[in-house]
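As structure tokens, the structure follows; a few thoughts come after it.
None of the figures in this text is laboratory data; all of them are computed from the coordinates on show. Bear in mind that the values here come from a model prediction, so they are computed numbers and not experimental data.
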Amino acid sequence: RAGAGAGSDGRCRAGLAELRARREELSGRIREEEAERARLQGRLWALTQRLARTSESLARHLAARGELDRTIAQSEEAYGKILESSQTLLDVLKEEIENAGKAS
């Protein structure tokens with residue numbers, strides 16, 4: 001019986017050693033994943049900051065383009081009115097010249 005106890009003790013020690021080895025391996029994986037998570041969180045923070053800056057810049061550019069669109073539309077409308085007025089003036093002048101020619 002004494003020999004059987006010694007064998008059990010050896011198997012228990014071997015089993016505990018195996019469990020400790022597995023635990024150490026798992027601890028290594030946990031450290032790697034924690035490091036990877038920290039790297040990813042850092043990248044996420046940097047990308048979030050970049051996204052915020054890009055969104056602000058985009059909003060400014062969109063507002064500036066909208067203002068340019070309004071200015072262009074107003075300028076085109078004013079130009080059209082000038083052309084219309086010029087044509088009206090030319091028509092009046094032509095008519096006056098024709099009337100002056102008939103009168104003389």
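Here is the P(r) of the range 6-104: all C-alpha pair distances, binned every 5 Å from 0, give 2, 9, 6, 7, 5, 5, 6, 5, 6, 4, 5, 4, 4, 4, 4, 3, 3, 3, 3, 2, 2, 2, 2, 1, 1, 1, 1, 0, 0 in whole percents. Working note: Karplus 6.51/-1.76/1.60 with θ = phi - 60° gives the range 18-29 the couplings 4, 5, 5, 5, 4, 4, 5, 4, 5, 4, x, 4 Hz, where Gly and Pro are set to x. Residues considered: 89, 40, 62. Largest GNM mean-square fluctuation over the chain, using C-alpha springs under 10 Å, is found at 89. Per-residue 3J(HN,Hα) values for the range 76-88, derived from phi via the Karplus relation 6.51 cos²θ - 1.76 cosθ + 1.60 with θ = phi - 60°, read 5, 5, 5, 4, x, 5, 4, 4, 4, 5, 5, 5, 4 Hz in sequence order (x marks Gly and Pro).
Among 90, 26, 47, the largest mean-square fluctuation in a Gaussian network model of the chain, built with springs joining Cα atoms closer than 10 Å, belongs to 90. Quick one: among 64, 21, 35, which has the greatest mean-square fluctuation in a GNM of the chain with alpha-carbon springs under 10 angstrom? Taking springs between Cα atoms under 10 Å, the residue moving most is 21.
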